[in-house]
Each structure stands twice: as C-alpha cells, then as structure tokens.
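Before we start, here is the structure in question, set down as structure tokens.
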C-alpha cells in the first residue's frame, strides 16, 4: 500500500511564501494608476455629456381629484350644519339673540361616486312639529334644542330620506369657515347687491360691494350671515348657494387639490363630525372628480303667509320623499 501523502507547507527559507507576499513591481503600480485615472476621466466625461437630471425638473405626478383618495363605493349623504358659534364647543353663539349655538345654515350633500354632487339647502325658518309640543318650532332652532341627533332625525322625516340617512354629519363653526376660505386663498364671488349691516351688540359689521371680486374668509362670513330685510331667509339661502358654488370651483383647481390633505388635517380638530380624515378626503375626491357642476335642489315651499308668523311651510301637495336619489 503506497504511503499516504500530506501537504507540506512551503519552506520560507526556499522562498515559498516570500514569492506570494512580495510587493508588486513599480511597473505594475504605474500601469494600474494609469488605468484608474483613465476610468475616472471617462466617468467625468460621461457626466459632462449626460449629466444627472435636476430633480426639480423631473416630471411630477399630477394631483387630481381622482387620485386624491379612493372614492366611496356607494352614495353617502352628509348633513352639514353651519353653527353661529365662533368655535366648536362654545356654549354661547356670539350672535343675536344671545344664547346657545343655533344653525345658521342647513345643507344636505349627497356624494355619489358615479354622479354629480347633489346639494339640498334646507330653510332654517321651516316650521316643524316636535312630539310633546303644541306650537311648531323653526328647523334652524333644533340644533340648540337637541343637537345633531335631533336635527338629523327631523330632517330624515321631513325630506323622506332612507332609514339611517344622513350617514355622516359635519358642524362647521364660523371660525372654521373663515380659516378654510383663507387657506384656499379666498373665493371669487359676485354678490348680487351691496350688503351693509351693523349690530354693535354682537360686534357684527357687514360691508360688501356688488360685482365679481375675491373675498377673504371674514368677507365670506359676512355674506353668509347677511339677511336681506326684503328677501329674508330666502335671500340668505341664495347667498349660501353662491358661496357653495364658488367653494366648489376653488377646490377643483389643481393648486388647491395639493393643499387639501393638509387643510383637512388642520381643521379636523375644530369641527364636530363623525367623518374621519380619510373619509373626508374620499368624499372630496368623489365630489370634485365629476366634471359636471353640483346639482342644487330646494324644498317645495308654500308662499310666505303673514298668518304663519314668519314660519315657512311646505306646499300642501308636497309628500316625502322630497329629494330622491337619481
């Protein structure tokens, strides 16, 4: 049997390891240096010929209403209450007559992902009958009497909404209206006439000129609060509709769509609502992505009668539902 061979390490004395660890020759170092310099020069030349693009000049994804957030899968009805309190949670309204907050504006919005935004402005002076009360009360006083739940229940019955509607609500105090308008850079509105009014007891001064102009938040508040002595609440509802149209047009602008997530976040803690920030963006995406204008509807009201003591009533032949989905 042949003897087993084992690896014998090279003898340093015979130069076995010395040959492997010997430093490279000066000629090899020079050649490697020239090659490295050539590569650096080539990369520099390529950088001059094909410079890296400026990130600020790269095309950005356009922000549209459609990609703002996923739209809801079905139509959602939202009850919007414009409070005459300056802040959410204020115990007083800061208006006249003084007392707990009232609803200066009432609006139903139906957000349909497959159709235009539908808006129904509700008259605050509409006479409604509450259980246990002999005399009718104004629809606009219900928020003071029983809060959002009472308003939603009565509106459901008066309009004839499906069970469970409105599914969402939003109470907007006056300060939020001002900050929202200012955050959007103002609204372009054409007031139909000169509006002037002053009430020192509630520190309210309204002074608006007619004609197309850009109004800031404080001026928009003046417009929605103005009550024409001849047109009364119907004139105020017309002003509300003008503001709603201008707000919709402003929100649809590409430069405003970019601001919406931040604006929604800033105002979230200042409103009373059961709408999350994600839902708010979803509803806005659906409402603004449709190219058609919002569809405004009014309740069928009977002519104003002096015997009704300032209350408005529905026409005698008006039967719910008064605002049917298309």
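7 Å from Cα along Cα→Cβ at both residue 319 and residue 249: what's the point-to-point distance in nm?
Those two pseudo-labels are separated by 4.1 nm.
Quick check: Cα centre of the stretch 206-220 to Cα centre of the stretch 167-197, how many Å?
Going from one Cα centre to the other spans 10 Å.
Order the peptides 206-212, 273-279 from the highest to the lowest mean number of other Cβ atoms within 10 Å of their residues. Show your work: numbers first, answer last.
Working: 206-212: 12.4, 273-279: 14.6.
Descending packing order for the listed peptides: 273-279, 206-212.
Further, regarding this structure: On a C-alpha basis, how far is the centre of the stretch 92-142 from the centre of the stretch 245-275 in Å? Whole number, if you could?
Here the answer is 23 Å between Cα centres.
Hey, another quick one. When the chain is fully extended, how far beyond the present Cα-Cα distance does residue 238 get from residue 274, taking 0.36 nm per residue of separation? Don't jump to the answer; show the numbers that get you there.
Details: separation 36, 0.36 × 36 = 12.96 nm, distance 2.78 nm.
10.2 nm is the gain from fully extending residue 238 to residue 274.
Considering only DSSP beta bridges whose two residues both sit in the stretch 76-299, what percent are antiparallel, to the nearest 5?
Working: 26 of 35 bridges.
Of those bridges, close to 75 percent are antiparallel.
Given a Förster distance of 25 Å, report the FRET efficiency between residue 87 and residue 202 from their Cβ-Cβ distance, rounded to the nearest 0.05. Numbers along the way, then the final one.
Numbers: r = 15 Å, r/R0 = 0.62.
Using R0 = 25 Å, I get an efficiency of 0.95.
Values quoted throughout were computed directly from the atomic coordinates according to the rules given, and no laboratory measurement underlies them. Because the structure is a prediction, the values reported are computed rather than measured. With ideal geometry, Cβ positions are generated from the backbone for all residues, glycine too; neighbour counts draw on all protein chains shown.
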